[in-house]
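Data block below; observations after.
The values are calculated or read from the model by the stated rules, or taken from the named source; none is laboratory data. Here the structure is a predicted model, which is why all the values come from computation and not from measurement. Here Cβ is always computed from backbone atoms with ideal geometry, including for glycine, and neighbour counts include all displayed protein chains.
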Amino acid sequence: MLWAGTSGSGKTTAVISTLRQAILDPSFGEFHRFVIVDPKVQRGDYDLLSDPITDLGKAIRSMNKNRVTLYWPDYATFDTKTLEEDISYIVDEMFNLSQSKDEPTFTFILDEASIVISPTRVPPSLKRLSVQGRAKGIIPHFISQRPLTNRWMDANLSRVMLFRMLPVDADNLTKRWGVDFVSADETIRAKEYSFIQFDLESATIRNMNPVPLPKRIPKRKQGLRSSKTSFRSKQKTVDYTCFLKKLPIH
């Protein structure tokens with residue numbers, strides 16, 4: 001799945017709130033893991049869900065024992081090649097763990113995905129993740145300020161969550177996917193922080209209301225088995241976790 005929207009559109013809030021709801025939802029199972037790679041290294045975002053880890057080795061080890069792993073690639077030599085290598089190690093570890101005794105499943109979040117995904121190239125590790133991951137229960141989610149469009153992504157994406165767009169992106173998507181995203185973007189802009197869900201297989205659009213602001217997840221004193229907390233909000237609770245659950249295999 002792809003989540004895309006301009007800065008300030010509510011995209012990150014929606015992703016974090018949806019993740020929070022899923023993390024606290026027992027239906028995801030005791031051995032489901034949430035692995036987040038956040039190149040922004042920005043406080044007040046994904047660190048509401050878990051303490052960030054800046055060492056790749058520690059992040060790899062965390063994936064085996066912790067429900068949530070947040071990796072911040074925070075180093076002086078940061079560049080696209082190094083980030084791509086880090087992602088490759090993390091993807092390999094998810095596949096390795098999926099074959100272990102407990103057979104854990106994964107939700108993988110890559111923010112600022114456009115750093116490594118371009119209109120002409122998708123890293124081999126992300127291709128493997130998108131093609132083989134569903135059979136192993138590893139579901140990838142790519143987050144970007146602008147829609148990531150290339151032939152390979154078009155063929156392997158099932159759903160796109162679109163927030164406020166640049167007019168040029170709405171126009172390009174209309175031409176690319178044959179659906180009126182210009183009008184859809186006007187609908188989004190009419191209600192602040194709202195968004196749409198676009199199903200590529202049925203070419204249908206579903207309007208979505210803004211997601212409640214996320215709250216920090218309390219630190220647990222025990223292991224994963226102690227987590228039976230359900231999502232609570234002052235607003236009427238809406239189940240957004242369906243966006244993160246396993247999609248049918250085609």
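Is it the case that region 152-172 has a residue that's among the basic types (Lys, Arg) and without any contact (Cβ under 8 Å) to a residue 12 or more places away in the chain? Checked against the condition, which is being among the basic types (Lys, Arg) and without any contact (Cβ under 8 Å) to a residue 12 or more places away in the chain, region 152-172 yields no hits at all. Evaluated against (1) under 21 Å from Arg146 (Cβ atoms); (2) within 17 Å of the chain's Cα centre (by Cα); (3) modelled with pLDDT under 95, Leu126 falls short on exactly one condition, (3).
Within region 118-129, being surrounded by 21 or more Cβ atoms within 10 Å (Cβ to Cβ) and either part of a strand (DSSP E or B) or touching a Leu at 6+ places or on another chain (Cβ under 8 Å) (or both) holds for one residue alone: Leu126. What do you reckon, is Phe78 within 18 Å of the chain's Cα centre (by Cα) and among the aromatic types (Phe, Trp, Tyr)? So Phe78 fails the test.
To keep it simple, each residue is scored yes or no on (1) over 23 Å from Thr105 (Cβ atoms); (2) at pLDDT below 95.
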| residue | (1), (2) |
| --- | --- |
| Met161 | no, no |
| Leu173 | yes, no |
| Trp177 | yes, yes |
| Lys191 | yes, no |
| Ile217 | no, yes |
| Gly223 | no, yes |
| Ser230 | no, yes |
| Cys242 | no, yes |
| Lys245 | no, yes |
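Taking region 88-117 as the range and being under 18 Å from Asp38 (Cα atoms), in contact with a strand residue (DSSP E or B) (Cβ under 6 Å, 6 or more places away or on another chain) and buried (at least 20 other Cβ atoms within 10 Å of the Cβ) as the test, the residues that pass are Met94, Phe106, Thr107, Phe108, Ile109, Leu110, Asp111, Ala113. Looking only at residues in region 193-209 that are at pLDDT below 95 and in contact with a helix residue (DSSP H, G or I) (Cβ under 9 Å, 6 or more places away or on another chain), the one that is farthest from Ser17 (Cα to Cα) is Ala203.
Residue check: Thr12 meets all listed conditions (1) surrounded by 18 or more Cβ atoms within 10 Å (Cβ to Cβ); (2) without any contact (Cβ under 8 Å) to a residue 24 or more places away in the chain but one, namely (2). Which ones in region 103-117 are in a loop (DSSP other than H, G, I, E, B) and over 16 Å from Thr12 (Cα atoms)? Matches in region 103-117: Glu103, Pro104, Val116, Ile117.
A quick yes/no check of all residues on (1) touching a helix residue (DSSP H, G or I) at 6+ places or on another chain (Cβ under 8 Å); (2) part of a loop (DSSP other than H, G, I, E, B):
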{"position": "Thr12", "(1), (2)": "no, no"}
{"position": "Arg20", "(1), (2)": "yes, no"}
{"position": "Asp47", "(1), (2)": "no, no"}
{"position": "Ala76", "(1), (2)": "no, yes"}
{"position": "Glu85", "(1), (2)": "no, no"}
{"position": "Ile90", "(1), (2)": "yes, no"}
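Residues of region 147-165 being closer than 21 Å to Pro39 by Cβ and in contact with a Ser or Thr (Cβ under 7 Å, 6 or more places away or on another chain), which ones? Result: Leu148, Asn150, Phe163. Listed conditions (1) within 13 Å of the chain's Cα centre (by Cα); (2) assigned to a helix (DSSP H, G or I); (3) not charged (D, E, K, R) are all met by Trp152, apart from (1).
The set of residues from region 160-196 being outside any helix (DSSP H, G or I) and closer than 12 Å to Pro147 by Cα comprises Val160, Met161, Leu162, Phe163, Arg164, Met165, Leu166. Restricting attention to region 22-39, the residues that are assigned to a strand (DSSP E or B) and either acidic (Asp, Glu) or under 11 Å from the mean Cα position of the chain (by Cα) (or both) add up to 4.
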